[in-house]
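Participant: Sharing a structure, written as C-alpha cells. Questions coming.
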Amino acid sequence: MKLGVNIDHIAVLREARQVNDPDPLQAIYIAKEAGADQITIHLREDRRHINEWDVKRILENSPLSVNIECSIDPDIVEFLADARPHRVTIVPEKREELTTEGGLNLESIYDRLDSVVHFFKAREIEVSLFIDPTKEAIKSSKILGVEWIELHTGEYANLYNSLYSNLSHTPHSIDELRTSRKNLSKALTQSLKNIKECSNLAKDEYGLKVAAGHGLNYQNVENIANIKDIEELNIGQSIIARSVYTGLKTAITDMKELLK
C-alpha cells in the first residue's frame, strides 16, 4: 500500500502568522526518508495554504512524485498544465468549507470536466477524480478517460470516529450521527462494504487505479488499508497533527507501519 503524505497543514501553520516558517518544502525530504511514496498538496482557489510559489518549488525539488489536488478553476488548470505535476486530482471545492466535503458531482460539471481531463492528459499529466464510492461515479470516471479515481472515505471515517472515539463528546460531534451505537455499527459495516465493492468494481471491471482518502487516521486506517484493490492512500491532517508531538519522520513511519 502506497502512502501519499499531504503537507497542506504545514502551510496552514505558516499562514496562521503570515511568515515563512514552517516551510512545506522541508517536509518533502523528511517524507522521503520516512518511506512516503508521494507528496500530495491542494492548490485551493483562495490559496488559504499552498500557493503557486510552493507548487513551483516542490515540483522542482521533490524526490517523490507530486500529486496536486485542485478544482476546475480555469486559472488553476492553466497554471498546473504548465507546471506539469506527476498527477492532478480534481476535487470539488467550496470557499466556505473547512475541508473537501464529499466527492465530485460528475453530472453537474461533466462537459467542463471532460475538457479539463483531456487538457491535462494532452500534457502527459495523470488525472484522478475524487469521487464518492458509488457505481455511477466510477462508471462516469471511466467514460471520462481518467487513469485514477480516489474514493472519498469521509463517511466511513466519521462513522468510525463516532463509534470508537470520544468525538460525540466534543464540540466537533456530528449531528446526523447522533444515534445508537447499534445503528452506528451497522452503518459502519455497510460503508466499509461499499468501499470494498466499489474498489473492486473500479479495478477489475473498469481497469482504473484506485486511491482513497479523507478523514483517515491512526485508529481507522487499517480497515481501508486491508482492501486489496486500493493501492494508495493520501493522508494529511492526522499525520501532521501527530508530528507536533512525535516529529514528522516518526509520524510518517508510524502510518507506514499500519499500512503494512
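The values are calculated or read from the model by the stated rules, or taken from the named source; none is laboratory data. Predicted model only: the values in this text are computed from it and were never measured. Cβ placement follows ideal geometry from the backbone for every residue including glycine, while neighbour counts extend to all protein chains displayed.
Participant: So how many residues does region 1-21 have that are farther than 17 Å from Arg47 by Cβ and surrounded by 15 or more Cβ atoms within 10 Å (Cβ to Cβ)?
Facilitator: 5
Participant: Now a separate question. Which of the residues spanning region 38-54 are touching a helix residue (DSSP H, G or I) at 6+ places or on another chain (Cβ under 8 Å) and basic (Lys, Arg)?
Facilitator: Arg48
Participant: Could you go through region 49-62 and let me know if any residue there is closer than 30 Å to Tyr156 by Cα and over 18 Å from the mean Cα position of the chain (by Cα).
Facilitator: no
Participant: Quick check: is even one residue across region 197-204 aliphatic (A, V, I, L, M) and closer than 25 Å to Lys256 by Cβ?
Facilitator: Taking every residue of region 197-204 in turn, at least one turns out to be aliphatic (A, V, I, L, M) and closer than 25 Å to Lys256 by Cβ.
Participant: Separate question: Which of the residues belonging to region 111-149 are aliphatic (A, V, I, L, M) and either within 18 Å of Cys70 (Cβ to Cβ) or in a strand (DSSP E or B) (or both)?
Facilitator: Leu113, Val116, Val117, Ala122, Ile125, Val127, Leu129, Ile131, Leu144, Val146, Ile149
Participant: What helices (runs of 4 or more DSSP H) lie completely within region 150-260 and have 2 or more residues being of a type in the set (Gly, Ala, Ser) and farther than 15 Å from Lys2 by Cα?
Facilitator: Answer list for region 150-260: 154-164, 181-200, 237-246.
Participant: Of all residues in region 22-51, count the ones that are at positive phi and crowded, with 21+ Cβ neighbours inside 10 Å.
Facilitator: 0
Participant: Another question, if that's okay. Taking the residues in region 52-72 that are in contact with an Asp or Glu (Cβ under 8 Å, 6 or more places away or on another chain) and either at pLDDT below 95 or among the hydroxyl-bearing types (Ser, Thr, Tyr) (or both) as candidates, determine which candidate is surrounded by the fewest Cβ atoms within 10 Å (Cβ to Cβ).
Facilitator: That would be Ser65.
Participant: When only residues in region 131-153 that are small (Gly, Ala, Ser) and closer than 20 Å to Asn200 by Cβ count, which is surrounded by the fewest Cβ atoms within 10 Å (Cβ to Cβ)?
Facilitator: Among those residues, the one meeting the criterion is Ser140.
Participant: State whether one or more residues within region 87-110 are over 17 Å from Gly236 (Cα atoms), in a helix (DSSP H, G or I) and over 18 Å from the mean Cα position of the chain (by Cα).
Facilitator: Checked region 87-110: at least one residue is over 17 Å from Gly236 (Cα atoms), in a helix (DSSP H, G or I) and over 18 Å from the mean Cα position of the chain (by Cα).
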